[in-house]
Amino acid sequence: MSAHHPPGAPAYDDALAAKLAAALAAKGSGYVPRTHHLEGKAPIYTNRLILETSPYLLQHAHNPVDWRPWGDEAFAEAKRLHRPVFLSVGYSTCHWCHVMEGESFEDVEIARFMNEHYVCIKVDREERPDVDAIYMSAVQALTQSGGWPMSVWLTPAREPFFGGTYFPPRDGARGANHGFLTILRELAETYAKDGERVTRAAKSLVEAVRKDMAPDHSGAAQPNAGVIAATVDYFKRSFDAVDGGVRRSPKFPSNVPVRLLLRAHRRTGDAETLHMATLTLAKMAGGGMYDQLGGGFHRYSTDARWLVPHFEKMLYDNALLAVAYAEAAQVTGRADFARVARETLDYVLREMTAPDGAFFSATDADSEGEEGKFFVWSQKEIEAVLGPGPGTARFLRYYGVTAAGNFEGANILNVAQPDEAEHAALAPARAKLYEVRARRVPPLRDDKILAAWNGLMISGFAVAGRLLDEPRYVAAASRAATFVLERMRTSTPSTSAAGAARLARSFKDGRPGPAGFLDDYAFVVAGLLDLYEAGFERRFLEAALALADETERLFADAERGGWFMTSGDHEALLAREKPAYDGAEPSGTSVALSNVLRLAAFTTDDRWRQLAERAFGSVGVVLTSRPMAMTEALLALDWATDRPREVAIVLPRGGGPDGAAPLLAVLRGRFLPNVVRAVVGEDDVGALAKVAPFVEGKAATEGKATAYVCEHGACRLPTHDPAALAAELADVEPY
């Protein structure tokens, strides 16, 4: 196979042309290029993105745009040609990214103008969250909003001077006064004729970005539990009492911090706080945002009722929600919450797990060019699959299916009045429909493996496995953790000489990607801690401690406390961000805060507590002035303002873990978010004590599994009695 270089672009030299042709040929005869510019089945155009592994970048490898990956070579070319850079940032399952691709980047006239007047760069935000964060800050400073696709115009010095998100292709399209082509022309002319104006705009944006990315909050007062109470009060005022979540649309799962509400209820006993959490979870699980046939959650709801989603499924959403539903099941005893957690994790095992145990990133919203086509049904389709009879009518009623439909003439399955008995009775019907759906053309799956998102999902499987007593989930978490620890390693200039390999950000096509960022390290450490507490394999606690030490060495702000997103040997961008915002994903800062507090309890090393104290100081202004921006950090604050305890269960020599089952059932039956747990055989106490000193000297008395409840290393009398253990854990520290 061969292909032409993009129109209006400088001719590729022979070496590059051969390299691109070889990469295209390596795709094989079954390769289906993602473009409508074809000669037969072969692509007319191929650009440098064919050499990348990112599924998102590969989607654009046959656009007529002369795309380049982010890197020095692209900016050097812009400087040589005296051209501005057009930067487009998105991700593989982004619906509006696909729209802009089809409307503009596949348009030969628009592509030709881009190639003749710009150097064009594509970035996968999931592989380069540092680049995404920097230029998203610039776009938000310009427009007071953000999103993807993100479109930014830069100087060859990488300084932004204009930006936005999605732009319609031409004037008048989608009601736009100025379409993308007009904007491209105007900015190219401004860059060529009014350099002073561009310089002023760039200077102003760079200053805004630097102020936003790393504000100096050193010396701020330590936040206290009143911050949590104020945050809960805010959500009470904005709560949607009918449909859960906040009173607005669209609705994201992260709009209401369910896990924080569960913790606040535990500390205060406030029934309204618990109701907000449970109503939100119930409404999400009953809506179309939840995949009623296959399990798992779509990204967000476009309406206020959780009915019509954007249909992409993200690994991180499902990881975070699995933990939320498992914790809510523990707090309330509700079977529906436990079921949703199981169905979500079973979906991940079935559809989002690689053969070696790691987890894929996402699936697209679109299939066959239509958003949601894979997931929706007509009434006639369902009747044809299930056949005539009262069972079919029962299914249609329960899942809100009508001839008119609720989404562009089709039906998104949803449950207005959930009933667990009815759900169980309809299982055979769901299985038949799922089997038929599986034969449809599926949405694209982004099969790159991200360390951060795998860390979140390791936590999802580990926490649910522990709380729901599902050993297979703990085993899944263990397989994924082993993959991340053993295969997601990469060398950097600073590590290669020492021989130590760093945690990689991503893994694709059999090889690790670039060095990981703060969220990769923080989320994996959290996953390893959760996994240790679920299966009690010492190697995972040791690995968590080693990675946490590495996190401090690479990312810590030694002067002001807290952590940077990038390490010192990452590419130097316009600013070095200190993450201070929890969005759809928690920030690396928030999770790292929880990690150091947990490690302080496990290790009894006061260094970790001091790191937490300094980190709280670094985000204290944010937490006290706008705590809704960092609700995940408030989970750490809940820990810090509680009386965290250490629970050790020691097994007698020669006795198996089954002897601890009654004591573990006590831990499983009580919501204990601010406790660290260890289960260890008497023969292994010494080895574990090197990592978790609170187990040192503990023994299984009278030849029975024995529980110790400790606080800051001071332990109460040991017990074999589950009731006595429950009583020792019953007291709660109020706010």
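The values are calculated or read from the model by the stated rules, or taken from the named source; none is laboratory data. Everything numeric here is computed off the predicted structure, so don't read it as measured data. Note: ideal-geometry Cβ built from the backbone for every residue, glycine included; neighbour counts use all protein chains shown. Please note that ligands, DNA and RNA were not included when accessible areas were found on the heavy atoms of the full protein model with its side chains. Shrake-Rupley method; radii C 1.70, N 1.55, O 1.52, S 1.80 Å.
Okay, here's what the table says:
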| item | result |
| --- | --- |
| Cysteines in the chain that, by Cβ-Cβ distance, have no pairing candidate under 4.7 Å | 120 |
| Charge tally in the Cβ shell below 12 Å around residue 726, where Lys, Arg are +1 and Asp, Glu are -1, residue 726 excluded | -1 |
| Interchain or long-range residues, amide H under 5 Å from residue 246's placed H | 240 |
| 222 nm mean residue ellipticity, helices alone, for the chain (DSSP H n ≥ 4; -39,500 (n - 2.57); rounded to 500) | -14500 deg cm²/dmol |
| In order through region 723-735: 3J(HN,Hα) via Karplus (6.51 cos²θ - 1.76 cosθ + 1.60), integer Hz, x for Gly, Pro | 5, 5, 4, 4, 5, 5, 9, 7, 6, 10, 7, x, 5 |
| Kirkwood Rh in Å, taken over region 160-232 so that all alpha-carbon pairs contribute | 16.1 Å |
| Whole-Å distance, taken between Cα centres, linking region 252-326 and region 519-543 | 25 Å |
| Relative contact order for region 429-561, counting Cα pairs under 8 Å that sit 6 or more residues apart, in percent | 27 percent |
| Antiparallel %, DSSP beta bridges [both residues in the chain], to 5 | 70 percent |
| Modelled FRET efficiency - R0 41 Å, residue 486 with residue 730, Cβ distances, 0.05 increments | 0.50 |
| Rel. contact order, % - alpha carbon contacts under 8 angstrom, at least six apart, region 604-735 | 28 percent |
| For region 155-165, Karplus couplings with θ = phi - 60° (6.51, -1.76, 1.60), whole Hz, Gly/Pro x | 7, x, 8, 6, 8, x, 10, 7, x, x, 10 |
| Region 563-600 versus region 639-689: alpha-carbon centroid distance in Å | 30 Å |
| Rg to Rh quotient for region 497-620, alpha carbon positions, Kirkwood Rh | 0.96 |
| Farthest toward positive dipole pole in the chain [+1 Lys/Arg, -1 Asp/Glu at C-beta], among 202, 464, 358 | 464 |
| For residue 506, distant residues with modelled amide H under 5 Å away | 451, 513 |
| Scattering curve values for the chain, log₁₀ I(q)/I(0), Debye with Cα scatterers, q = 0.07, 0.09 Å⁻¹ | -0.52, -0.86 |
| Per-bin percent of Cα-Cα distances, region 1-138 [10 Å] | 12, 45, 36, 7, 0 |
| For region 473-569: rounded, prolate or oblate by the Cα gyration tensor [a/c cutoff 1.5] | oblate |
| Gain on full stretching of the segment that runs from residue 717 to residue 385 - 0.36 nm per residue minus C-alpha separation | 113.3 nm |
| Nearest-20 debye value, the chain charge dipole, Cβ charges on Lys, Arg, Asp, Glu | 360 debye |
| Heavy-atom surface of the chain, accessible at 1.4 Å and reported per residue (Å²) | 38 Å² |
| Region 436-496: C-alpha gyration tensor shape, a/c 1.5 cut-off, then a/b vs b/c | oblate |
| Rg(Cα)/(2.2 N^0.38 Å) for region 270-382, N = residue count | 1.12 |
| Stretchable slack from residue 434 to residue 417, in nm (0.36 nm times residue separation minus alpha-carbon distance) | 4.0 nm |
| Whole-angstrom gap from region 346-374 to region 376-391, using each part's C-alpha centre | 25 Å |
| Stokes-Einstein D (µm²/s) once Rh is taken as the Kirkwood radius of region 21-70 over alpha-carbon pairs, at 20 °C in 1.002 mPa s | 196 µm²/s |
| By average C-beta atoms within 10 angstrom, highest first, the peptides 377-388, 274-285 | 274-285, 377-388 |
| For region 506-511, Karplus couplings with θ = phi - 60° (6.51, -1.76, 1.60), whole Hz, Gly/Pro x | 9, 9, 7, 6, x, 9 |
| Lys, Arg +1 and Asp, Glu -1 on Cβ, resulting dipole of region 191-281 about Cα centre, debye, nearest 20 | 140 debye |
| Spacing of the two label points (7 Å from each Cα toward its C-beta) at residue 302 and residue 233, in nm | 3.8 nm |
| Which of 70, 453 is most accessible, then next, and so on - probe 1.4 Å | 70, 453 |
| Region 583-671: trypsin sites (Lys or Arg not before Pro) falling in loop per DSSP and having at most 12 other Cβ within 10 Å | 653 |
| Whole-number percent relative contact order across region 1-73, with pairs defined as alpha carbons under 8 Å at least 6 apart | 35 percent |
| Computed magnitude of the charge dipole of region 86-177 (debye, nearest 20; Cβ of K, R +1, Cβ of D, E -1) | 180 debye |
| Calculated Rg and Dmax of region 78-187 using C-alpha coordinates, Å | 13.1, 38 |
| Rough spin-label spacing in nm, given labels placed 7 Å along Cα→Cβ, for residue 356 and residue 241 | 5.4 nm |
| For residue 67, residues with placed amide H under 5 Å, excluding near neighbours | 48 |
